[in-house]
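In what follows, a structure is listed as structure tokens, so that the remarks can point back to it.
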Amino acid sequence: MRRILLLALACALLLTACAPGEEGSASSSSSSSTSSAQTSPQPEGTGETAARAPFTLAAYPSYSFHPVLAESTANLTLAPLLYEGLFTLDGQFQAQPRLCQSYTVSPDGLTWTFTLQPGVTFSDGTALTGDLAAQALQTARGEGSRYAGRLSQVSSIQGSGNQVTITLTQANGALPELLDIPIALGTGERPLGTGPYVLLDSGGSLSLLARSDWRMGAESLPVQEIPLSSMSRADEQMSAFNAGEITLMDVDLTGDSALGSSGRYQVWDYNTTQMLYVGFNARRGLCRDAEVRRAIARTIDREYVADTVFARHAVPSALPIHPSSPWYDEAMAEELSYDPSQLAGLDLEGRSLTLVVNIEHTAKSAAANHVAGQLEEAGLSVTVERLPWAEYQAAVAAGNFDLYLGEVYLTPDFDLTPLLGVGGSLNYGGWTSNVIGSLLSGFRSAQGDSRQGAAAALCRHLCQQAPIAPICFRSGTVLTQYGRVEGLSPVYGNIFSQLESWTIQE
């Protein structure tokens with residue numbers, strides 16, 4: 001675990017009561033494979049003997065706690081303590097079994113049968129069955145679910161006995177990576193789960209109580225009861241954290257709220273699928289030419305954007321797959337490494353480009369300025385149009401750009417079909433090729449060892465054509481009060497990963 005002193009958290013924190021953007025969709029705003037802890041300076045007058053609250057988390061009682069249907073980010077953060085999925089993701093976005101004991105796949109890759117772990121119960125003692133798991137996953141497919149997009153290629157879900165069968169319309173060899181979806185009993189605002197804790201409400205006072213009947217044993221948990229500090233406004237979390245009233249919070253250190261943080265704390269980053277990239281208009285102008293697109297991609301200093309603009313809360317990436325993923329090809333990424341001489345050698349001196357960016361996100365606007373400056377140093381004339389979100393959306397959808405700075409939440413299987421497929425919902429630049437459909441399908445359907453080769457074939461074509469220019473994947477961040485919690489290993493979708501290894505100082 002690495003520790004360094006931070007002078008301050010210069011970036012503002014995005015702490016809303018709304019859920020994050022859906023995977024596979026464009027974002028309205030918005031490391032290494034292991035998390036790192038960083039420590040802020042000790043403020044004057046802080047005493048080690050001062051009384052402090054027990055390990056406490058934030059919650060929004062007036063919002064739903066349903067792990068699939070909720071809109072409160074803070075309540076969703078609590079979900080892994082109450083609910084479990086068939087699988088959980090590790091820091092490399094690989095599926096690890098949780099409620100699933102084993103599975104089989106049909107030869108055509110369309111039908112998957114998952115056998116559940118024996119002896120699993122919900123917190124009221126109800127046994128987990130294939131039918132109940134199937135019902136929960138059907139809810140995840142439905143309207144209002146934050147997981148509906150990743151399950152859009154599911155044609156049916158059926159459960160019987162201790163098995164769940166999922167049938168797809170298109171083969172997906174990485175389906176387990178999409179099934180970290182929390183399994184809840186019913187669709188109420190506070191449904192029961194199979195996780196290590198149960199939500200208690202004692203006269204409006206909320207807490208999480210360790211389950212004595214949890215199959216992995218309550219004694220393995222670092223704390224038996226977790227008080228929940230009730231919130232009603234977005235800014236209350238940071239105030240409560242600064243005051244030491246809550247011990248831990250999941251934050252966006254590159255957001256645009258006027259909120260700030262002070263005090264002594266530790267910072268733990270984790271990988272996400274949230275990718276920042278430059279999109280090209282492949283229908284008209286300079287960017288119709290693959291050689292120009294490729295040269296522009298090599299003119300972007302990704303390390304600078306990740307380290308300086310995003311204050312190291314991002315991981316530079318030349319490919320639209322996270323560098324921590326086993327499907328990321330370092331050798332191919334090197335072919336798109338920073339080399340501004342490539343663009344300067346194309347004799348485009350004085351040619352004009354328009355770069356569109358959402359003005360409402362300071363870090364993204366700063367990234368756009370940096371990209372524009374680098375292109376101008378290479379001889380181009382770049383106009384940066386900073387637009388409010390609605391106008392930005394309209395301009396991108398209408399193709400009124402040469403370049404746009406975009407952001408997307410990819411699914412954990414890194415299916416790029418919406419972004420790069422012919423007619424893809426996020427393929428705003430209109431790029432296409434006569435082989436991209438088969439390459440995307442080949443990567444999506446490949447299983448086991450064959451997936452590496454399929455990823456390489458896809459990335460090779462993307463390196464040659466440069467339909468977009470990936471810049472970085474933003475990192476998520478957990479803040480903890482200094483010295484209160486050790487051993488965190490947060491991962492995408494579960495900041496409480498490996499909770500049994502935590503040490504909590506009361």
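On the stretch given as the stretch 210-235, residues that are in contact with a helix residue (DSSP H, G or I) (Cβ under 9 Å, 6 or more places away or on another chain), of a type in the set (A, V, I, L, M) and under 17 Å from Thr121 (Cβ atoms) total 3. Determine whether the stretch 306-319 contains at least one residue that is outside any strand (DSSP E or B), at pLDDT 95 or above, under 17 Å from Ser365 (Cα atoms) and of a type in the set (Gly, Ala, Ser). Within the stretch 306-319, one or more residues are outside any strand (DSSP E or B), at pLDDT 95 or above, under 17 Å from Ser365 (Cα atoms) and of a type in the set (Gly, Ala, Ser).
Determine if the stretch 471-485 includes at least one residue that is buried (at least 24 other Cβ atoms within 10 Å of the Cβ), farther than 30 Å from Trp502 by Cβ, at pLDDT 95 or above and in contact with a strand residue (DSSP E or B) (Cβ under 7 Å, 6 or more places away or on another chain). Checking the stretch 471-485: at least one residue is buried (at least 24 other Cβ atoms within 10 Å of the Cβ), farther than 30 Å from Trp502 by Cβ, at pLDDT 95 or above and in contact with a strand residue (DSSP E or B) (Cβ under 7 Å, 6 or more places away or on another chain). Filtering Arg283, Arg312 for residues that are on the phi < 0 side of the Ramachandran plot and basic (Lys, Arg) leaves a single hit, Arg283. Of the helices (runs of 4 or more DSSP H) contained entirely in the stretch 378-497, not one carries at least 2 residues that are at positive phi and either among the polar types (S, T, N, Q) or within 21 Å of the chain's Cα centre (by Cα) (or both). Scanning the stretch 330-343 for residues that are buried (at least 19 other Cβ atoms within 10 Å of the Cβ) and outside any helix (DSSP H, G or I) yields a single hit, Leu336. Here Glu189 passes the criteria (1) buried (at least 19 other Cβ atoms within 10 Å of the Cβ); (2) at pLDDT 95 or above; (3) of a type in the set (D, E, K, R) except the one numbered (1). When you scan the stretch 300-319, do you find a residue that is more than 21 Å from the chain's Cα centre (by Cα) and crowded, with 24+ Cβ neighbours inside 10 Å, even just one? Within the stretch 300-319, one or more residues are more than 21 Å from the chain's Cα centre (by Cα) and crowded, with 24+ Cβ neighbours inside 10 Å. From (1) part of a loop (DSSP other than H, G, I, E, B); (2) of a type outside the set (A, V, I, L, M); (3) surrounded by 12 or more Cβ atoms within 10 Å (Cβ to Cβ), pick out the condition that doesn't hold for Ser212. Status for Ser212: all satisfied but (3). The number of residues in the stretch 429-443 being more than 24 Å from Val278 (Cβ to Cβ), surrounded by 14 or more Cβ atoms within 10 Å (Cβ to Cβ) and out of contact with any Leu (no Cβ under 8 Å at 6 or more places or on another chain) comes to 1. Arg298 meets each of the listed conditions (1) of a type in the set (D, E, K, R); (2) in contact with a strand residue (DSSP E or B) (Cβ under 7 Å, 6 or more places away or on another chain); (3) at pLDDT 95 or above apart from (2). Among all residues of the stretch 138-149, there is none that is more than 29 Å from Thr73 (Cα to Cα), crowded, with 21+ Cβ neighbours inside 10 Å, over 18 Å from the mean Cα position of the chain (by Cα) and modelled with pLDDT of 95 or more. With (1) small (Gly, Ala, Ser); (2) outside any loop (DSSP other than H, G, I, E, B); (3) over 19 Å from the mean Cα position of the chain (by Cα) as the list, and Gly244 as the residue in question, which single condition is left unmet? The number of the failed condition is (2).
Each row is one residue, and each column tells you yes or no for (1) closer than 15 Å to Ile504 by Cβ; (2) at pLDDT below 90.
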{"position": "Ser230", "(1), (2)": "no, no"}
{"position": "Ala240", "(1), (2)": "no, no"}
{"position": "Gly244", "(1), (2)": "yes, no"}
{"position": "Leu248", "(1), (2)": "yes, no"}
{"position": "Gly260", "(1), (2)": "no, yes"}
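Residue count for the stretch 172-187 under the criterion of being assigned to a loop (DSSP other than H, G, I, E, B), within 17 Å of the chain's Cα centre (by Cα) and either more than 18 Å from Thr88 (Cβ to Cβ) or of a type outside the set (A, V, I, L, M) (or both): the result is 2. Here Asn172 clears all of (1) crowded, with 18+ Cβ neighbours inside 10 Å; (2) out of contact with any Gly (no Cβ under 9 Å at 6 or more places or on another chain) except the condition numbered (2).
The values are calculated or read from the model by the stated rules, or taken from the named source; none is laboratory data. Quantities reported herein were computed from a predicted structural model and do not represent experimental measurements. Using ideal geometry, Cβ is built from the backbone for each residue, glycine included, and neighbour counts are taken over all protein chains shown.
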